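Have a look at the structure below before the remarks.
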Amino acid sequence: MTQMRNESSSDEMAGSGLVPNLRIWLSVSRIELLRDLRWLRAQDYVLLGTVVVALLATPGLWFTYRLMIDVGESFVTGSPPLATATTLVVVGWMFTVCLFVADGAGSNGEIGNKSAILTMRPVRDIAPGLLFTEIVKMAPYVFVPIAVVYLGLSVGVGTVRPFLSGLALGVVLTVSSGLIGYPIGVTLLGGIRQYRHLKAIKPIIGVVLGITYFATIFTGGFTAVVDIVRPVSTSAPLGWLGALAFATVPGADVSSADAASAVAATVLLVPVGIVGTVFAARHTWYVEEIANGDGGTRDSTDELDGTDATVFARILGSLCRTREAYGIARVSLLRRYRSPASLSYGAFPLLGAIPLFEQLLTTGSVPWYTPWLVIGYGGWFAGLAFTANVLGNQGRTLPLLLTSRTSGLQVVWGSIVAATIVVAPVTSVLAVGSGVAANRPPTELLGVGFAAPAVVVASATLATGIGTTFPRVTTVDISSSKNLELPSKYTLWLFSMVVICGAYATAIVVDETARIVATGLLSTYALDVDPSTLELLSGITIVLLVAGIPVSCLRAARQFDTYRLS
């Protein structure tokens, strides 16, 4: 295998220049697209997730459509918000570049069956095909919102001429961002593979970036991003995108030369992006992992036992109290560290942040209930991702674990500690931060700070009892080479309802505004309940949920101790 790789590499380096074979890389792109399409058609969960995403995004698209009608009418009246609109176009372009970077740094940064394909064809014929494939795959995510934007704009100005700008903008935005972002992502993938420490912290970087993104939305930081981008969005070359976006819109005072420059710059980027992708792929696809300091690669099972993790290991051990519980917690964290995809299904409710994003765009602030949404989601995620499938999460080690000395209580406690040590600090920070952004009083911020970790622990514990009552010990295939241990659908629905009721009840007890709003909502359904009575009922709900925590824990432990494999 090494000899074959070296021969292929030598042939590649001795090849005639960097000019790819157009017929070959178009064939590669066509085959990759067909493979992805066949894979997608066989993935029920991915298709279901796509439908859910589409349904959740519909209100946001409708709001955008109505907003763009008003923007179109402002072009007719002679007072268009051209500077703000141009800035948002540039922000959208930057976001698309980041998506391409993440795409190239992930599994899409490498060709399948690499050893065989690179033996037959050089990298310069393969890499451009992957680049073109990823640009085509990104196009729907760009053109759908652009179509909605320009539909509203056309209705507002009373003509379909804006669609010409929308079509040109969609092509330029998708192609230019792909030509810049994808080679950068492939280069990052090579660096991650070459250096062990980068490879070890890759999941951590992904989590941090994801938290930063959603924290920006929840805490009102998007307006600060817009303010930062505004100066560069009005000058070349990024300002050319704004000129192109409104070149055919009646009443838009933009330069035709700038719009043409955006198209010309994209055309000039094509050979640059192709050559950059070829160079990045040459490095990434042939790179060898470098062992740092120990003369070899370290066993992945020691990732949490190194000197860098000593403090974390001590904290984890002090919380677990027993060796068996520590082992369960450590394995649970390692599995999610190595396979972040096992946490991805828990990200779907984050699409519910679309209304918050809408309010952020229109008012520059977040609503008063944002901290409680963060707390509710944190509790739901902790339970669903870590403890709602205690039996299934053990995977192939379940038979060995059932015959070992480890008790059910130790398994349950270790799973709860793993969920708490990761989710509770993040939830607390985001909840308090969003409370500050929502201008909540200090007393409420204090209540939010205490409620966040309590809800996470309570939710993780309640999930153990529900999950062991309706267990799923089989995996769900999400691709030909990847499968996940997901909770059963009964666990998902029942646990979600428990978390929603608990979050509502906590908010009503702690927050006076929540009591007033809830009372008003009930009155619309002819249910006249005064705030004090509602607070009492919510308190009873919380007491029942708290009482159910030890019951759920003990039931889960008993279910584990008495579980028998069929």
Could you pull out the residue among Thr491, Thr506 that is at pLDDT 80 or above, part of a helix (DSSP H, G or I) and buried (at least 19 other Cβ atoms within 10 Å of the Cβ)? Thr491
Looking at region 176-197 only, could you name the residues that are of a type in the set (Val, Ile, Thr) and surrounded by fewer than 21 Cβ atoms within 10 Å (Cβ to Cβ)? Ile180, Ile184
Being farther than 30 Å from Gly251 by Cα, open to solvent by less than 20 Å² (accessible area, probe 1.4 Å), of a type in the set (A, V, I, L, M) and assigned to a helix (DSSP H, G or I): is that true of Leu130 here? yes
Which residues, taken from region 145-195, are part of a helix (DSSP H, G or I), more than 23 Å from Thr266 (Cβ to Cβ) and over 24 Å from the mean Cα position of the chain (by Cα)? Leu151, Gly152, Ser154, Val155, Gly156, Val157, Gln194
When you go through Leu169, Leu88 one by one, which is the residue that is open to solvent by 30 Å² or more (accessible area, probe 1.4 Å) and assigned by the TED database to the domain that holds Thr248? Leu88
Is one or more of the residues making up region 119-126 of a type outside the set (S, T, N, Q), in contact (Cβ under 8 Å) with a residue 60 or more places away in the chain, part of a helix (DSSP H, G or I) and open to solvent by 60 Å² or more (accessible area, probe 1.4 Å)? no
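Each row is one residue, and each column tells you yes or no for (1) among the small types (Gly, Ala, Ser); (2) open to solvent by 30 Å² or more (accessible area, probe 1.4 Å); (3) at pLDDT below 75; (4) in a helix (DSSP H, G or I).
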position: Tyr213; (1), (2), (3), (4): no, yes, yes, yes
position: Val226; (1), (2), (3), (4): no, no, yes, yes
position: Pro237; (1), (2), (3), (4): no, yes, no, no
position: Leu241; (1), (2), (3), (4): no, no, no, yes
position: Asp258; (1), (2), (3), (4): no, yes, no, yes
position: Thr266; (1), (2), (3), (4): no, no, no, yes
position: Gly276; (1), (2), (3), (4): yes, no, no, yes
position: His283; (1), (2), (3), (4): no, yes, no, yes
For the structure I just gave you, tell me whether Arg66 is open to solvent by 80 Å² or more (accessible area, probe 1.4 Å), within 18 Å of Lys137 (Cβ to Cβ), modelled with pLDDT of 85 or more and charged (D, E, K, R). no
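Okay, residues lined up against (1) under 15 Å from Ile117 (Cα atoms); (2) at pLDDT 75 or above; (3) not in a helix (DSSP H, G or I):
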position: Ser8; (1), (2), (3): yes, no, no
position: Asp11; (1), (2), (3): yes, no, no
position: Gly15; (1), (2), (3): no, no, yes
position: Trp25; (1), (2), (3): yes, yes, no
position: Glu32; (1), (2), (3): yes, yes, no
Kindly indicate the residue of region 96-111 that is among the hydrophobic types (A, V, I, L, M, F, W, C) and either in contact with a strand residue (DSSP E or B) (Cβ under 9 Å, 6 or more places away or on another chain) or not in a loop (DSSP other than H, G, I, E, B) (or both) and also most open to solvent (accessible area, probe 1.4 Å) among those meeting that condition. Cys98
From the list Ser332, Ser342, pick out the single residue that is at pLDDT below 80, assigned by the TED database to the domain that holds Gly376 and not hydrophobic (A, V, I, L, M, F, W, C). Ser342
Kindly list the number of the only condition in (1) closer than 23 Å to Thr223 by Cα; (2) assigned to a helix (DSSP H, G or I); (3) over 25 Å from the mean Cα position of the chain (by Cα) that fails for Asn439. (2)
Residue check: is Leu356 at pLDDT 80 or above and surrounded by fewer than 24 Cβ atoms within 10 Å (Cβ to Cβ)? no
Inside region 148-166, the number of residues satisfying the requirement of being on the phi < 0 side of the Ramachandran plot and either open to solvent by 60 Å² or more (accessible area, probe 1.4 Å) or basic (Lys, Arg) (or both) is 6
Assess whether Trp93 counts as being within 24 Å of Ala259 (Cβ to Cβ), open to solvent by 30 Å² or more (accessible area, probe 1.4 Å) and not polar (S, T, N, Q). yes
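The values are calculated or read from the model by the stated rules, or taken from the named source; none is laboratory data. Here the structure is a predicted model, which is why all the values come from computation and not from measurement. Cβ coordinates were reconstructed from backbone atoms using ideal geometry, including for glycine residues, and neighbour counts include every protein chain displayed. When the accessible area is computed, the model is the full protein with side chains, heavy atoms only, and any ligands, DNA or RNA have been set aside. Shrake-Rupley method; radii C 1.70, N 1.55, O 1.52, S 1.80 Å.
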